[in-house]
1. Any residue in segment 7-24 that's over 15 Å from residue 66 (Cβ atoms): show its pairings with residues that are at pLDDT below 90 and surrounded by 12 or more Cβ atoms within 10 Å (Cβ to Cβ) at Cβ separation under 6 Å, as long as the two are six or more apart or on different chains.
2. Out of all the residues in segment 29-66, which are without any contact (Cβ under 8 Å) to a residue 24 or more places away in the chain and within 12 Å of the chain's Cα centre (by Cα)?
3. Please go through segment 1-40 and give me each residue that is surrounded by 10 or more Cβ atoms within 10 Å (Cβ to Cβ) and modelled with pLDDT under 85, ordered by number.
4. Take the residues of segment 67-80 that are under 19 Å from residue 5 (Cα atoms) and surrounded by fewer than 16 Cβ atoms within 10 Å (Cβ to Cβ): which is farthest from the chain's Cα centre (by Cα)?
């Protein structure tokens, strides 16, 4: 993992519950602003998720698709800005 990445394990979090939790995290980050000089600076978060056992059974099997999904989302936001659609996690992480 890089310096700006972290891993969270959320037992029992699948489908719509996972999607809501990710959206809540995105909204919380979007609502946070830090003053830099006389300017308010905000941030964004890109999330990649994987579900056990649908996406894998070992830590490596789960981290890989989660990492790929996070970078897919980062690239979508880089290319399309705020109009980009976040990766959806209905059913299980995709």
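1. 15/91
2. As a first pass, look at segment 29-66 and keep what is without any contact (Cβ under 8 Å) to a residue 24 or more places away in the chain: 29-43, 45, 52-53, 56-62, 64.
If the condition is that a residue be without any contact (Cβ under 8 Å) to a residue 24 or more places away in the chain and within 12 Å of the chain's Cα centre (by Cα), then 29, 45 are the ones that fit.
3. 5 - this is the single residue of segment 1-40 that is surrounded by 10 or more Cβ atoms within 10 Å (Cβ to Cβ) and modelled with pLDDT under 85.
4. Our first condition is that a residue be under 19 Å from residue 5 (Cα atoms); within segment 67-80, this holds for 67-78.
With surrounded by fewer than 16 Cβ atoms within 10 Å (Cβ to Cβ) added as a condition, the list becomes 68, 71-72, 75, 78.
Details: 68: 11, 71: 9, 72: 10, 75: 12, 78: 14 Å.
By that ranking, first place goes to 78.
The values are calculated or read from the model by the stated rules, or taken from the named source; none is laboratory data. Model, not experiment: these values are computed from the prediction. Because the Cβ atoms are built from the backbone with ideal geometry, glycine has one as well, and the counts that use them run over all protein chains shown.
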